[in-house]
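Read through the structure below, which is laid out as structure tokens, and then see the notes.
Taken together, the values in this text are just the output of simple stated rules run on the coordinates, not laboratory data. Because the structure is predicted, anything quoted here is derived from the model rather than measured. Methodologically, a virtual Cβ is constructed for each residue, glycine included, from the backbone with ideal geometry; neighbour enumeration extends over all protein chains shown.
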Amino acid sequence: MANKKKCTHCGDYNAVEDRIDNRAGSFCNIGCIAAYSVKRRDKLRAKEKRTADMVAKERRKQDKQRLKELRRRSEWYDMLQTLVNQYVRWRDRHEPCCTCGTNKPNIKYDAGHFHTKKARPDIRFDLKNLHKQCSQNCNVFGSGRRNEYEKFIAKKYGQPEVDRLAKVGPSLKEQFPNWQDIEAEIVRYRKLLRSVGVRPNV
């Protein structure tokens, strides 16, 4: 093959004098040059697209991080509360209303707080302070039926648990010093819900 040269595009060997040489390489004919140019152009475009996609992905990641940093603490708490409530409704799905005992299938049920979020924000996410409760009759119009709720907790967990819930504990700021701590709890509940086949609401 001393007098033959390999085509940069198709790889065939032809006589040196029959080939077309340029800065891109050595080619059999004009057709190979054109095909090689198209292939090279497509590779370049694909590389540019990959680079642009990587830049866009990094920008989205930075924007997402920035949005997290700007999110108010109350918004983080609302997200976490949505997931905690969703988990409680799943946990108690086969249980009757904790305060009136109804188990009608055609009514709405909430994750009702024994101590309200406003009165006791320190235990708003405490799972023993939250149970399935019928929405209209008990949680809304019945204002949570506190007396019946206390009896329910005493029966289910014992009087020491009623006493524990009555004591003010660490504030939410102490429980979750940074937004990352709240996010970690959100991630934990998302995983918990997915593990039981429930799609998280947030």
Given the range 140-181, what helices (runs of 4 or more DSSP H) lie entirely inside it while holding 3 or more residues that are closer than 24 Å to Thr102 by Cβ? 146-157, 159-166
Residue under evaluation Leu193, criteria (1) touching a Lys or Arg at 6+ places or on another chain (Cβ under 8 Å); (2) crowded, with 18+ Cβ neighbours inside 10 Å; (3) in contact (Cβ under 8 Å) with a residue 60 or more places away in the chain, criterion not met: (2)
Just give me the residues in the range 85-138 being buried (at least 16 other Cβ atoms within 10 Å of the Cβ), more than 24 Å from the chain's Cα centre (by Cα) and of a type in the set (Asp, Glu), in sequence order. Asp122
